[in-house]
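Read the figures in this text as sums done on the coordinates, not as results from a lab. Remember, it's a predicted structure, so these values are computed and weren't measured experimentally. As a convention, Cβ positions derive from the backbone with ideal geometry for all residues, glycine included, and neighbour counts pool all protein chains shown.
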Amino acid sequence: MTRSRIVGTLAMAWATMTITTSGFAQETESNLGIWEGLWVADAEFGPRLGGPVTLHRAGDDWIAEVQGERARVTLARQRDGTTQWRFAVSDLGHFVGYQVAGERDVTGHWFQPPGVIHNYPTATPVALAPAGDGVLSGTISPLRDVVSLNIPLTPDPDDAKPGEDRYRTFLRNPQRNLGMWFRIESAIADGQGIAFFNADGEQLAYATNIEAGQRFTMLIPRTGMTMDFSRRARNDAPGFFAQRTPAAVAALVRPAALDDGWQTAAPATSGLDEQLLLDMLNDIRAFEPEQLRAPYIHALLIAHRGRLVFESYFHGYHRERTHDSRSAGKSLGSVLLGAAIRTGAIDSVDAPVYDFYGGVDAFANPDPRKARMTLRHLVTMSPGFDCDDDDYEGSPGNEDRMQSQSEQPDWYRYTLDLPMRAEPGSADIYCTAGINLLGGAISKATSRSLPRFFHEQIAEPLQMGHYHMNLSPMERGYLGGGIRLRPRDFMKLGQLYLDGGVWNGHRVVSADWVRASAAAQSSLYSEGDYGFGWWRRDFRVGDRIIPTYQAAGNGGQMLFVVPELDLVVMFNAGNYSDGRTRGAFRDRYMQGGILPAAIAAE
């Protein structure tokens, strides 16, 4: 997700929270310290529909019922012999599923409209199974649209004027790291409320004081809702503290053995240096956030020699909670392309792009170079489009600009219409819109929606559970990033590649595809730093250089594959728009803990 969409509605809400006042009320004596402490506001904006769903036969028809809503189900036979089941519940979402001939189950997705905080539509898997004669049932588990704001207030008497109730502060927000955009640094309380200021002394917001020293409230525009901030103790503030209790960990435990395909083991049984991992875990748990630019690690998982050996969660996250992958989802796009080639739906990575979309003449800015563009150019970020995510003002193909074009919701057409700036393959430029085009090619070649192809070729064979796939405004799977997977499930993509394209005996992509994906194909920011949708990075441990390749996304979403050490490492984090901090904790824990622990096992 990009800058304009990261801030989204909530950013506009924050910007308009300032209430015009005639100045702070004059206090006869200072109340310094009355607001001291941590203040938290939690809000949930949806979804408006979810839970158990039942389909029952009514004469010649089928009727769907969910949360008291009823909808007629339509059935249609498909070319591949399956039967499509579809129903819509007003504007709250719709279901599309498929039933294989001779089977009773229906497998599909619930398509959820955009929310307030998560402003993409999403596709979530739903399985319907027989529950009696003429009855199918399942569960819709949509993406929760939630936000948590954490504001610590520390008395600041040194910078306060006489009688002024002044505080140092910053905003922590695990879902979006909104503090990086708003940059509040100080606050001054008066008799009616509390005002927040940036480093330049500009008032950014004024919150109404409902109960002095106990609660204040802010209005969130567009929703008609207010967010109430109240005092929270450590145990009630998982969005702020890494752990409720920062006590030292006595020992590392074996990750839970679940029915998800992972074999698990305690780190010591795999030969890893357990003390190094313990020190790292204690360091993460004990960290006290005293500033905005503090680590925000949500999950850390390690697999060694094919077994999951380390699994820890922080800031209220847990193994069943899906996490935003951001641009790490681009690597999934590469996996999907490799799967389409392995199944024969696409002949080659060198297939011309425009052949999947009706030819060059069907689009604006005709250019002979477009006919020479191949899928290889898309997956290596070298299509030649005037598409540069690092240049918002000058590049029409910038992801933000594409997503802001409300008059053109078809992001495939928007990209294909772009002018060219270089011969395909001659210029390596970070271009999200280009790699997203892979989705359209895969859908057309397989006669499958992208959510359906992902579910059949990736989610089911890799034994993935719950997930939420981001969609474009036209409800096409978005390969620019942001799919939400459970951490143990996203980790499987790394193990899949470490094992040459096979997960528990099931081949998903070819070994050749894995090798090409990990090899140097492009040079985006340094020589040979990009393969087929995967980044290449070397780490130095002592005098040794350890090569890795990784899926990487904003905020600290990092999935490392380390063939030399038979190792897979994954971080989920919330340091969005803060590359300095996530780079620091990546190097601290990879170079200072995880890699040395694995070297000890050689």
(message) Can you show me the helix-derived [θ] at 222 nm for the chain, built from DSSP H runs with n ≥ 4 at -39,500 (n - 2.57) apiece and divided by the number of residues, rounded to the nearest 500.
(response) -5500 deg cm²/dmol
(request) Starting from the Kirkwood radius over alpha-carbon pairs of segment 247-323, derive D by Stokes-Einstein at 37 °C in a medium of 0.692 mPa s and give it in µm² s⁻¹. (result) 241
(request) Just the Kirkwood number for segment 383-436, please: inverse of mean 1/r across all distinct Cα pairs, in Å, one decimal. (result) 10.9
(request) Please give the contour-minus-distance gain from GLN192 to ILE63: 0.36 nm per residue of separation, less the Cα-Cα distance, rounded to one decimal in nm. (result) 41.0 nm
(request) Give me the net charge of ASP417's neighbourhood, meaning all other residues with Cβ under 13 Å from the Cβ of ASP417; Lys, Arg count +1, Asp, Glu -1. (result) -2
(request) Take the Cα atoms of the chain, build their convex hull, and give its volume per residue in Å³. (result) 174
(message) Once each part is reduced to its C-alpha centroid, what is the distance from segment 354-396 to segment 108-125 in angstrom?
(response) 28
(message) Between 0 and 90 degrees, rounded to the nearest ten: what's the tilt of helix 432-446 against the longest Cα principal axis of the chain?
(response) 40
(message) I need two numbers for segment 255-299: Rg to one decimal and Dmax as a whole number, Cα atoms only, in Å.
(response) 14.5, 40
(request) With r as the distance between the Cβ atoms of SER137 and ARG72 and R0 = 22 Å, compute the FRET efficiency 1/(1 + (r/R0)^6) and round to 0.05. (result) 0.80
(message) Can you order the peptides 91-99, 201-209 by their average number of other Cβ atoms within 10 Å per residue, highest first?
(response) 91-99, 201-209
(request) Taking every Cα atom in segment 327-490, find the radius of gyration and the maximum pairwise distance Dmax, and write them in Å. (result) 15.1, 45
(request) Any chance you could give the angle, 0 to 90 degrees and rounded to 10, that helix 3-15 forms with the longest Cα principal axis of the chain? (result) 30
(request) Provide TRP62, TRP411 in ascending order of the number of other Cβ atoms located within 10 Å of each residue's Cβ, fewest first. (result) TRP62, TRP411
(request) Could you pull the Cα extents of segment 505-557 along its three principal axes, largest to smallest, in whole Å? (result) 37, 24, 23
(request) Show the residues, 5+ positions off or on another chain, whose built amide H is closer than 5 Å to the amide H of THR374. (result) VAL353
(request) Return the sequence-ordered ³J(HN,Hα) values of segment 176-184 in whole Hz as given by the Karplus equation 6.51 cos²θ - 1.76 cosθ + 1.60 applied to θ = phi - 60°, using x for Gly and Pro. (result) 9, 6, 5, x, 5, 8, 8, 6, 5
(request) Can you tell me the 0 to 90 degree angle between the C-alpha axis of helix 579-589 and the longest principal axis of the chain, rounded to 10? (result) 80
(message) Quick one: the Cα spread of segment 51-142 along its three principal axes, in angstroms, biggest first?
(response) 41, 30, 18
(message) Give the average over all directions of the projected area of the C-alpha convex hull of segment 289-379, one decimal, in nm².
(response) 10.8
(request) Could you work out the per residue convex hull volume over the alpha carbons of segment 141-244, in cubic angstrom? (result) 138
(message) Can you tell me the length gained on complete extension of the stretch ALA422 to ARG544, counting 0.36 nm per residue apart and subtracting the Cα distance?
(response) 40.0 nm
(request) Would you mind getting me the FRET efficiency between ALA584 and GLU202? Use the beta-carbon distance for r and R0 = 25 Å, nearest 0.05. (result) 0.30
(request) Run the quick spin-label model on ASP159 and ALA101: label points 7 Å from Cα toward the beta carbon, then report their separation in nm to one decimal. (result) 7.2
(request) With an 8 Å cut-off on Cα pairs and a minimum separation of 6 or more residues, tell me the relative contact order of the chain in percent. (result) 14
(message) With 10 angstrom as the radius, rank LYS161, LYS444, LYS370, LYS330 by how many other C-beta atoms surround their C-beta, starting from the fewest.
(response) LYS161, LYS444, LYS370, LYS330
(request) May I ask you to derive the FRET efficiency for ASP361 and ASN282 from their Cβ-Cβ distance with R0 = 56 Å, giving the value to the nearest 0.05? (result) 0.35
